[in-house]
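A.B. asks: What follows is a single structure, and I will ask about it in a moment.
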Amino acid sequence: MSSREIYTDRRTAGLLLLPTILVSLVFLYYPAARAARRALYSSQLGLDDEFVGFENFAELLTSGGYRSRLLLTVGFAAVVVAGVMAVALLLTFLVHEVGTGKSIYLVAAIWPYALPPAVAALVFIFLVHPTLGVLSGPLATLGVDLDWFADGRQAFVVVTVAAIWKQIGYNVIFMIASMNNIPETLTETARLDGVGRLRRLLWVYVPIMTPTLFFLVILNTIYAFFGTFAFIDIMTGGGPSGATNILIFDLYQEAFDFFNWGLASAKSVVLFAVVGVLMYVQFRLTDKYSHYGA
Amino acid sequence: MLGLIQYPARLLRATKRQTAALALPDRRDLETIGLHLLLVGSVLLIVFPILVAAIVSTKQTGIVTSLADLVPGGHVVENYRTVLVDYQFGRFMWNSFLMATVIVIGKLALSIFAATAIVYYDLPYKDLLFLFILFTLLLPVPVRFIPLFQLVADMGWTNSMLAITVPYLASATTVFILRQHFLSIPSSIVETAKLDGVGPLKFMAFVLLPMSKGILVGVSVIMFVFAWNQYLWPLVIINAEADQVAQVGLALLEGDVVGGEVSWSLVMAGSMLTLLPPLLLLILFRKPLLRAFVIQQK
């Protein structure tokens with residue numbers, strides 16, 4: 001018994017825990033269990049359930065469309081994660097290195113954390129609107145002809161850039177904390193050995209920041225898979241011709257446009273597996289690298 | 001012996017530093033200036049889209065085809081009034097505000113209770129209990145919104161404040177952060193409370209809460225931003241326009257602009273309004289916010 005455990009009355013403890021447990025059971029565990037069960041039924045809205053076993057999953061696995069959307073989502077996540085972390089790392093480093101005005105620069109770097117995805121999506125539509133966009137003219141002079149309402153590849157790029165933009169602040173928040181923790185003596189030694197700034201970042205700081213960077217890879221992946229729904233819904237609706245139809249949007253459409261609740265439930269089970277694997281990996285990595293003492 | 005070996009190294013380092021300071025003052029200054037230029041440039045790049053939105057929200061039509069058109073117009077009051085009143089944004093913002101506030105207060109209360117029980121009570125199967133709460137991290141809204149929709153609709157909560165607040169009230173993240181913080185409070189203080197015979201409610205109100213002010217502010221900002229920025233769940237469970245939140249309201253406004261009923265300047269005004277509350281909180285409470293995040297990672 002630790003010295004902090006000063007109370008023993010189990011009834012009071014139960015009362016304190018009850019609200020959290022109740023909400024978790026009713027609104028988190030029960031719906032999840034229901035999704036798992038529903039995934040085994042062929043149920044369309046209003047029709048009677050018919051048990052089909054793993055047919056829904058088999059359908060997903062053999063569906064070329066679903067597989068290509070899965071690949072698309074993985075690609076999207078990879079670009080978002082790599083992009084946001086590269087930008088945030090450089091930005092964090094600049095803030096870390098600067099002397100005067102540090103706190104102002106820091107706020108200017110982390111504010112996109114507060115940016116609502118819907119706002120980011122709308123502002124981006126306006127910024128690079130093929131006909132009305134502020135940047136469409138300047139980009140045209142650079143030889144980029146914006147046509148992302150019809151051009152799938154361009155739509156993918158635009159959504160990716162918007163999604164990266166929104167996530168920069170969140171990454172800087174964690175990176176600056178981690179970078180500020182690096183012992184001053186290391187920085188000093190590197191400086192005296194004539195190690196340039198960029199090399200100091202890549203070969204001295206990044207290895208020490210590994211635990212934080214792993215943590216961010218997982219968080220950013222979850223963001224790319226799930227947190228980007230508003231971008232797709234507002235900017236492209238999954239199009240043009242499926243070029244931005246990532247899994248979370250595909251799931252939404254299956255349920256609320258096509259009303260295939262059984263298939264949609266199977267899709268949410270797949271997404272649950274994705275979160276599960278990511279969390280597990282994070283857990284294991286945190287364990288493995290905890291001796292670095294982030 | 002050790003001192004003898006280290007001495008020359010230290011000497012060497014000192015001379016090196018001196019020569020660096022003597023020979024390269026100009027380079028250092030240039031570097032500093034370059035650093036500031038780089039920072040200002042990147043910050044401007046990140047702020048640029050919002051600057052454009054802010055400028056456009058003051059113009060009449062919102063058609064800006066070149067960078068030279070990026071000068072504020074004189075329609076500030078008119079645009080924001082139209083959005084707030086004619087397009088119900090005042091209503092949407094109020095709904096969002098109510099939703100976020102209820103979620104913050106509810107989550108905070110529930111999480112303080114749960115974390116107190118987990119840290120300060122001698123309970124069997126405590127680790128299992130904590131795991132039960134932590135496991136909900138695997139169940140974010142996107143993986144369960146379909147059955148959740150059916151459940152909440154069956155309960156008759158569609159279009160109600162209950163629907164967009166209650167399902168959010170259990171928070172693994174907040175319980176986790178508070179638990180970490182409670183564990184960092186010196187046990188001597190806790191033991192003193194025990195010796196004084198302080199009951200659990202008094203202990204929470206007069207010992208725990210005063211010692212957790214900073215962290216409570218930090219997690220509250222995290223929760224507010226999270227709640228305010230929710231999009232998917234209100235989109236599916238709220239279908240009466242008057243009950244809608246600002247995020248989905250923005251998407252509705254965009255639908256109007258595509259339909260040709262609204263100009264882009266109004267959409268940008270709505271965007272600025274939606275951005276304002278979380279942005280203000282971030283700027284005002286950045287220090288406790290950053291501290292709370294550091295704990296979350298551990």
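Derivation of every value follows stated rules applied to the coordinates shown; laboratory data play no part. This is a predicted model, so every value here is computed, not measured. Don't worry about glycine lacking a Cβ; one is built from the backbone with ideal geometry, like all the others, and counts go over all protein chains shown.
A.B. asks: Between A:Glu55, A:Glu254, A:Glu184, where does the largest GNM mean-square fluctuation fall for chain A, given springs only between Cα atoms within less than 10 Å?
C.D. replies: A:Glu184
A.B. asks: Considering the convex hull of the alpha carbon atoms of the range A:117-189, report its projected area averaged over all viewing directions, in nm², one decimal.
C.D. replies: 7.4
A.B. asks: So what is the diffusion coefficient of chain B in µm² per second by Stokes-Einstein at 37 °C and 0.692 mPa s, using a Kirkwood Rh over Cα pairs?
C.D. replies: 139
A.B. asks: Right, another one. Return the lysines within reach of B:Lys59: Cα separation strictly under 29 angstrom, same-chain partners fewer than 8 residues apart disregarded; answer none if there are no such residues.
C.D. replies: Filter leaves A:Lys166.
A.B. asks: Any chance you could run the full-extension gain for A:Ser63 through A:Arg10? It's 0.36 nm times the residue separation minus the Cα-Cα distance, nm to one decimal.
C.D. replies: Here the answer is 13.8 nm.
A.B. asks: Based on the alpha-carbon gyration tensor of the range B:218-268, what equivalent-ellipsoid semi-axes (square roots of 5 times the eigenvalues) come out, in whole Å, largest first?
C.D. replies: They are 25, 14, 7 Å, listed largest first.
A.B. asks: With a 10 Å Cβ neighbour count serving as the proxy for reagent exposure, in which order, fewest first, do B:Met223, B:Met204 appear?
C.D. replies: Lowest count first: B:Met204, B:Met223.
A.B. asks: Still on this model: Just to be sure I understand: with springs between alpha-carbon atoms less than 10 Å apart, which residue in B:Tyr80, B:Tyr231, B:Tyr121 has the highest mean-square fluctuation in the Gaussian network model of chain B?
C.D. replies: The residue with the greatest mean-square fluctuation here is B:Tyr121.
A.B. asks: Can I ask one more? Give the long-range amide H neighbours of A:Gly239: residues separated by 5 or more places, or on another chain, with amide H under 5 Å away, using H modelled in the peptide plane at 1.01 Å from N.
C.D. replies: Here the answer is A:Thr244, since their amide H atoms fall under 5 Å of that of A:Gly239.
A.B. asks: Once phi is turned into θ = phi - 60°, what whole-Hz ³J(HN,Hα) does the Karplus curve with 6.51, -1.76 and 1.60 give for every residue of the range B:158-165, x standing for Gly and Pro?
C.D. replies: 3, 6, 10, 5, 4, 4, 9, 10
A.B. asks: Something else now. In whole Hz, what ³J(HN,Hα) sequence does the range A:160-175 give by Karplus (6.51, -1.76, 1.60; θ = phi - 60°), x for Gly and Pro?
C.D. replies: Ordered by residue, 3J(HN,Hα) equals 4, 4, 4, 5, 5, 3, 5, 8, 4, x, 4, 5, 4, 3, 6, 5 Hz.
A.B. asks: Follow-up question, since we're still on this one. Need the list of lysines near B:Lys126 for cross-linking: C-alpha distance under 22 angstrom, and skip anything on the same chain fewer than eight residues off.
C.D. replies: B:Lys107, B:Lys194, B:Lys298
A.B. asks: In whole Hz and in residue order, list the ³J(HN,Hα) couplings for the range B:279-293 that follow from phi through the Karplus curve 6.51 cos²θ - 1.76 cosθ + 1.60, θ = phi - 60°; x for Gly and Pro.
C.D. replies: Listing the rounded values in order: 5, 4, 4, 4, 5, 5, 10, 4, 5, x, 4, 4, 5, 4, 5 Hz.
A.B. asks: Any idea which of B:Phe203, B:Gln247, B:Leu289 is furthest toward the positive side of the dipole for the range B:88-296, if Lys and Arg beta-carbons carry +1 and Asp and Glu beta-carbons -1?
C.D. replies: B:Phe203
A.B. asks: Based on Cβ point charges of +1 for Lys and Arg and -1 for Asp and Glu, what charge dipole magnitude is obtained for the protein assembly as shown about its Cα centre, in debye rounded to the nearest 20?
C.D. replies: 2340
A.B. asks: With just the Cα atoms of chain A, tell me how far they stretch along each of the three principal axes, in Å, largest first.
C.D. replies: 74, 72, 31
A.B. asks: Helix-derived [θ] at 222 nm for the protein assembly as shown: sum -39500 (n - 2.57) over DSSP H runs of at least 4, divide by residue count, nearest 500?
C.D. replies: Result for the protein assembly as shown: -21500 deg cm²/dmol, rounded to the nearest 500.
A.B. asks: Long-range amide H contacts for A:Tyr41: which residues qualify at under 5 Å (H placed 1.01 Å from N, peptide plane, sequence gap of 5 or more or a different chain)?
C.D. replies: Amide H to amide H, under 5 Å and 5 or more residues apart or across chains, A:Tyr41 pairs with A:Val52.
A.B. asks: Still on this model: Averaging sequence separations of C-alpha pairs under 8 Å and six or more residues apart, then dividing by the length of the range B:144-298, give the relative contact order as a whole percent.
C.D. replies: Averaging sequence separation for qualifying contacts and normalising by length gives 36 percent for the range B:144-298.
A.B. asks: Can you pull the Kirkwood radius for the protein assembly as shown, inverse mean 1/r over Cα pairs, to one decimal in Å?
C.D. replies: It is 26.3 Å.
A.B. asks: In which sequence would B:Met272, A:Met209 go, from the one with the fewest C-beta neighbours within 10 Å to the one with the most?
C.D. replies: B:Met272, A:Met209
A.B. asks: Give the lysines reachable from A:Lys102 as a straight Cα distance under 18 Å; neighbours fewer than 8 places away on the same chain don't count.
C.D. replies: B:Lys287
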